[in-house]
1. Per-residue mean of other chain beta-carbon atoms within 10 angstrom of the beta-carbon, peptide A:26-36?
2. Kindly state, to the nearest 0.05, the FRET efficiency for residue A:3 paired with residue B:228, given R0 = 35 Å and r defined as their beta-carbon distance.
3. Determine the distance separating the Cα centre of segment A:1-26 from the Cα centre of segment A:207-284; give it in Å without decimals.
4. What value, in deg cm²/dmol to 500, does the helix sum -39500 (n - 2.57) over DSSP H runs of n ≥ 4 give at 222 nm once divided by the residues of chain B?
5. What size of dipole, in debye to the nearest 20, comes out for the protein assembly as shown about its Cα centre when the only charges are +1 on Lys and Arg C-beta atoms and -1 on Asp and Glu C-beta atoms?
6. Report the FRET efficiency, 1/(1 + (r/R0)^6), for residue A:178 and residue B:279, where r is their Cβ-Cβ distance and R0 is 25 Å, rounded to 0.05.
7. Show me the ranking of peptides A:99-108, A:186-195, A:139-148, A:257-266 by mean Cβ neighbours inside 10 Å, starting with the highest.
8. With a length cut of 18 Å (Cα positions projected on each helix's long axis) and a Kyte-Doolittle mean of at least 0.0, go through chain A and give me the DSSP H helices that pass.
Amino acid sequence: MISRRWYERIVEKFLLGSAVAAVLTVFLIGAFVLFEGFPILSAHGLGFLFGREWAPLQGVFGVFPMIVGTFYATFGALILSVPIGLACAVYLAEYAPRWFAEMIRPAVLLLAGIPSVVYGFFGVVVLVPFIMNHFGGWGFSLLAASVVLALMILPTMIGISEDAIRSVPRSYKEGSLALGATHWQTVKKVMLPAARSGLTAAVVLSLGKAAGETMAVLMVAGNVAAIPTSILDPLRTLTANVALEMSYAFGDHTRALFASGVLLLLVVIGLNTLLYLLPKRTGT
Amino acid sequence: MRGGLRVGLRIEEILVRGFLHLSVLVIFGGLGVILGYILYQGLGHVNLEFLLSSPKDMGREGGIFPAIIGTGALVGVALAVAVPMGVFAAVFLTEYARPGRFVRLIHYGVDTLAGVPSIVFGLFGFAFFVIFLGFGWSILSGGLTLACMILPYTIKATEEAIKAVPRDYREASLSLGATRWQTVVRVVLPVAAPGILTGVLLALGKAAGETAAILYTAGTSLHAPTSIMDPTRSLPIHLFILVSEGISFEKAYATASVLVILVLMVNLLAVYLMRIMVAKQRGK
């Protein structure tokens, strides 16, 4: 019996170890990326963050254009995908016939699994030529990046928003309808406000996904390291910068790319903390 | 007055419905067009020879056999590490740990890990596996980097599956004198298996489609790997290189088609399993 008890204990410690390993991985990632990037962050500091010139071969590392690029591309994607994604979620949760919603739910899951290079490839062969022919410019642009990103984050946006709307207690809806409100009034004035924290989570997660996306953006954004002045201008994001230059970087250049990785990690940790601070459930 | 208001509301309701329908049509029509277009352009070039022969002239001619082998090997290594670790961690979190600060910390870590951009995993994998541990550009480095990336998904899926196992099962097993670990191995995990498998399949699809995380950890070698320490090139990376270096759009369409079909099949299987599970739970 004693050996059996020991066996149980050892198993428990082993399982604990596996759970801790997941957290340890986060620490390891943070430690290694920070270790490589820190020399640049401490030597250049604000010059790294707000420097407008990125000339790694001359030892000038200013990632401000890339920060702005990431910001523009991400918000462009959100502007396109939040309203339409939310509308789709409302339709699926509230208006769609049951068979249709049950058919679409797995479809959303399937679309979320399409690799990002495939979206990027589609962007290159269809979207970029389309923009060049109809709107002018080079085609590789902020507009192309935003549209591709919007398509990629739609499944996340729809899936989480739909769950949030569905988890609003039934009584809320019935109460509103019983008071004589129309279906849309009920959705607008009761359901959506009650699902607020879930909807916020959907937007925050989509934002994180868009800001961290690499390959698809890299393929359609044109990657000029300058601040875009119109939606038809090319841009370069932080992620694309790393992916493009790691292959030939060495020394301080490599460290500067790791320092960009630190920035991205900080964004992720910030967004995740924000999600933890959101109230978990609405209503009682 | 009131009559006019009612008519206004009815018109609003109709307009809203129209907009909601339109959003669904735009989203799924758009995404359907993307997949359809790629398959339409690519499937004609996919044949047995394409799948089973090596690329020639940088990929301008020949097939994608080494990339298929490389993808399989990378995903195999990733799953071999991430699935046991994820399952053990989830068993600990659901069956052993008391809810509290520690469990919250681990969940926080898992969620953060899930949000880390793939290129940051790439940076970490490069600094840790390739350089620090000296694995070089290899299937091992790439596979372990992918394992870090899919670990949070395997943990979350297993947790969900275990939580869905009814409490009485455990109590019956424990009351028969089984230890906690025996209960987990003989009762809880077998019942949760379809749910865990769903999560594993989704993680598999994610790993198979990943580019940025393995670009600087697994390398871009065009040769079929013969050992786990060999560099390789996965399907998404092959597609990326074909497109970004303008090598061959015909081969790119074909490669994208193979990749899309592969990932869709894996995800469809996952959705199918999920359906079976839900049906089972409803039946009980």
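1. Working: counts 9, 1, 5, 11, 4, 3, 9, 8, 0, 2, 5.
Going residue by residue through A:26-36 and averaging, the value is 5.
2. On the way: r = 37 Å, r/R0 = 1.05.
Given R0 = 35 Å and the Cβ-Cβ separation, E is 0.45.
3. So the separation of the two Cα centres works out to 37 Å.
4. On the way: 12 runs with 203 residues, N = 284.
Here the helix-only value at 222 nm equals -24000 deg cm²/dmol.
5. On the way: 40 positive and 28 negative charges, 470 e Å.
Charge dipole of the protein assembly as shown: 2260 debye, to the nearest 20.
6. Working: r = 34 Å, r/R0 = 1.36.
So the FRET efficiency works out to roughly 0.15.
7. Numbers: A:99-108: 14.9, A:186-195: 18.4, A:139-148: 26.3, A:257-266: 23.5.
My ranking of the peptides, most packed first, is A:139-148, A:257-266, A:186-195, A:99-108.
8. On the way: long enough: A:2-44 (60 Å, 1.06); A:64-90 (38 Å, 1.84); A:98-112 (22 Å, 1.01); A:142-166 (34 Å, 1.62); A:196-212 (24 Å, 0.89); A:252-277 (37 Å, 1.49).
Long hydrophobic helices here: A:2-44, A:64-90, A:98-112, A:142-166, A:196-212, A:252-277.
The values are calculated or read from the model by the stated rules, or taken from the named source; none is laboratory data. Here the structure is a predicted model, which means the values were calculated and not measured. Cβ: placed from backbone, ideal geometry, glycine included. Neighbour counts: every protein chain shown. All accessible areas refer to the heavy atoms of the entire protein, side chains included, with ligands and DNA or RNA removed. Shrake-Rupley method; radii C 1.70, N 1.55, O 1.52, S 1.80 Å.
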